[in-house]
Amino acid sequence: MIILALALDVVLTLVFAISGRSSHAEALDLVGIWGTWWPFLVALAVGWIVTLAWRRPLSVVRTGIPLWIITVAGGMLLRAASGQGTALPFIIVATIVLGLALVGWRLIALLVRTVRARSARESKE
């Protein structure tokens with residue numbers, strides 16, 4: 001489950017980078033995508049380490065929310081340090097989209113687990 005959670009987080013940050021470039025009609029070549037993605041990928045890695053995400057990779061509160069905040073804040077700091085844009089509208093969009101991605105899939109997983117547990121309890125009764 002740990003590898004799947006990490007892979008999903010990585011892929012979702014990549015999708016964020018690609019969709020952002022696409023919505024601004026920027027080149028979707030490897031160099032351009034990497035330039036947009038790497039700050040968020042590095043921040044995501046830091047977030048995984050800081051939150052000890054491998055201990056509870058599906059947790060919304062213990063992992064998802066802190067991971068989201070660290071990924072957005074760290075990604076923006078790295079973008080600024082590397083001379084990339086950090087305009088307020090971009091920060092707002094990144095915060096919303098990465099929140100929906102990094103916390104959203106964990107909320108869906110929680111809902112699925114809750115429904116399955118309830119269904120299993122009901123079938124035993």
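The values are calculated or read from the model by the stated rules, or taken from the named source; none is laboratory data. Everything numeric in this text was worked out from a predicted model, so none of it was measured. For neighbour counting, all protein chains shown are included, and Cβ atoms are generated from backbone atoms with ideal geometry for every residue, glycine included. Protein only, heavy atoms only, side chains kept; ligands, DNA and RNA dropped before computing areas. Shrake-Rupley method; radii C 1.70, N 1.55, O 1.52, S 1.80 Å.
Put simply, of Pro57, Pro66 the only residue that is of a type outside the set (A, V, I, L, M), closer than 30 Å to Thr114 by Cα, open to solvent by 30 Å² or more (accessible area, probe 1.4 Å) and touching a helix residue (DSSP H, G or I) at 6+ places or on another chain (Cβ under 7 Å) is Pro66. Yes or no: Thr51 in contact with a helix residue (DSSP H, G or I) (Cβ under 6 Å, 6 or more places away or on another chain) and at pLDDT below 95? Against the criterion (in contact with a helix residue (DSSP H, G or I) (Cβ under 6 Å, 6 or more places away or on another chain) and at pLDDT below 95), Thr51 does not qualify. Filtering segment 91-116 to residues that are among the β-branched types (Val, Ile, Thr), under 16 Å from the mean Cα position of the chain (by Cα) and open to solvent by less than 90 Å² (accessible area, probe 1.4 Å) leaves Ile91, Ile92, Val93, Thr95, Val97, Val103. Looking at segment 79-90, can you tell me whether even one residue there is at pLDDT 95 or above and over 17 Å from Gly20 (Cβ atoms)? Within segment 79-90 (the criterion being at pLDDT 95 or above and over 17 Å from Gly20 (Cβ atoms)), the answer is yes, since at least one residue qualifies.
Restricting attention to segment 71-90, the residues that are under 22 Å from Val50 (Cα atoms) and open to solvent by 40 Å² or more (accessible area, probe 1.4 Å) total 5. Only one of the numbered conditions (1) open to solvent by 60 Å² or more (accessible area, probe 1.4 Å); (2) of a type in the set (A, V, I, L, M); (3) over 16 Å from Leu6 (Cβ atoms); (4) touching a helix residue (DSSP H, G or I) at 6+ places or on another chain (Cβ under 9 Å) is violated by Leu30, and that is (4).
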